[in-house]
Amino acid sequence: MVVESRYPPTTMCGRFALRVDRHLIQELEGYDAEVDEWIDEEEFIPRYNIAPRTQAPVIRHRDPGLSQSTNNDSHVVIQTMKWGLVPHWSKFEDKTLNTTNARSENLVEGGGMWASIKGKKRCAIPCQGYYEWLTKGKDKFPHFTKRKDGRLLLMAGLYDSVVLEGKTLWTFTVVTTDANKEFSWLHDRQPVFLTNHDALFRWLDTSSQAWTPELSKMVQPYHDASTPLECYQVPKEVGKVGGESSTFIEPITGRKDGIQAMFSKQRQTMQSSSPTKTPSAKRRLESSPSSERTDGQPSPKKQHKMDHGNDSTQPESAKAVVIDVDVPSSSQADGKAKVKGSPKKRKMVNAPAGNKKISSFFSKS
């Protein structure tokens, strides 16, 4: 038997999200399907970050070999399975074999490891959306793709079961195809989607036990305009296996700790730190001696000098002269002051009687 080689590193759809109430998974809104049973429901833990080799719910017919009419028309079962298909002929679980995805061209062309599975065991995997990483230089930026209407997406898949060490192991893989033009900027591959009741049950119908031309048409690039998708960048933390947060499926620009929030905080900080003039500061400015009147009249202080500057009744000896001098130290016992450079301190000196020149007070000692 020819075993298909391992997929290249560019294999897509390595993470998806399914963190919703269980009844929403069972209702399958928009697909008109009746879920009879959820097998191994307790094995599934709803998560925003479902990675390969973890458990997830899978939709299939109860009896794959029977016709759709015998299978009770729209009745299906949900079964929790492990992501990463282990073929039924396996003697052990080969963890070096990458069977997270199954390429559509390998299903159409025939042969390979999928030959004995694709005609008999097809399934659908519900999710809120899937993650893909956009490569820019040496860095990678995760993006989340989902339905615009918020309903669950159904990805086409294959499943199988094998008995290992006396226990039945159920596993699945996600079928991928070429990305359509709308999403080719993100990655060259994308999952095959089943967007309505007809597509779902045509895919699940394995009564022919063979791969048909009709199925080959179903695995073409996505082009359902009635069910548009949207894609946006999400936080890098989703890349860590085991990481879990509701922010993983939110646009990074809309997060509380995202770009918009960062700019908002910066604006608030700038506004709160802006200096504001208080009324008291304004009054001090207006009452400053250096302020000038704009009405052409002298300021009150100038007016006071004009009124009293020529008062002949004030004795000349009582007039004070303001001199900028350094305060003499205690060693200057003679009381003489020397004029020095700034900073200067103001000292009041009584003017002596007579008409002595003021410079005579600064004679050198």
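FYI, it's all coordinate maths here, none of it is from the lab. Just so it is clear, the model here is predicted, and its values are computed rather than measured. So basically every Cβ, Gly included, is an ideal-geometry build from the backbone, and we count neighbours across all protein chains shown.
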Candidates per trypsin sites (Lys or Arg not before Pro) in region 161-214, loop by DSSP, up to 11 other Cβ within 10 Å: Lys181
Taking the Cβ of each residue in Lys138, Lys236, Lys146, Lys217 as the centre, tally the other Cβ atoms inside 10 Å and list the residues starting with the fewest. Lys138, Lys217, Lys236, Lys146
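Could you calculate the contour length gain from Asp198 to Ile45, that is, 0.36 nm times the residue separation minus the distance between their Cα atoms, to one decimal place in nm? Let's see the in-between values first.
Working: separation 153, 0.36 × 153 = 55.08 nm, distance 2.90 nm.
Between Asp198 and Ile45, full extension yields 52.2 nm more.
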Just add up the charged neighbours of Asp149: K/R +1, D/E -1, any other residue whose Cβ is under 11 Å from the Cβ of Asp149. +2
Do me a favour and compute the ellipsoid semi-axes for region 122-196 from its Cα gyration tensor, root of five times each eigenvalue, largest one first, whole Å. 28, 17, 11
If the chain between Lys217 and His75 were fully stretched, how many nm would it gain, using 0.36 nm times the residue separation less the Cα-Cα distance? 48.7 nm
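What pairs from Lys82/Lys118; Lys146/Lys181; Lys120/Lys217; Lys82/Lys136 go past 20 Å between their alpha carbons? It would help to have the intermediate numbers written out before the result.
Values: Lys82/Lys118 18 Å; Lys146/Lys181 16 Å; Lys120/Lys217 18 Å; Lys82/Lys136 32 Å.
Beyond 20 Å between Cα atoms: Lys82/Lys136.
Could you give the length gained by full extension between Thr135 and Trp89, i.e. 0.36 nm per residue of separation minus their alpha carbon distance, to one decimal place? Mind showing how you got there, number by number?
On the way: separation 46, 0.36 × 46 = 16.56 nm, distance 3.70 nm.
Contour length minus the Cα-Cα distance gives 12.9 nm.
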What is the spin-label model distance, in nm, from Val35 to Glu182 if the labels are put 7 Å beyond Cα along the C-beta direction? 2.6
Loop GluC sites (Glu not before Pro), region 167-238 (other Cβ atoms within 10 Å of the site Cβ: 13 or fewer; DSSP): none
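For Lys236 and Asp149, what does the FRET efficiency come to when R0 = 25 Å and r is the distance between their Cβ atoms, rounded to the nearest 0.05? Could you put the intermediate results ahead of the total?
Working: r = 27 Å, r/R0 = 1.09.
After rounding to 0.05, the efficiency reads 0.35.
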What would the Debye formula give as log10 I(q)/I(0) at q = 0.19, 0.26 Å⁻¹ for the alpha-carbon point model of region 154-245, no solvent? -1.07, -1.35
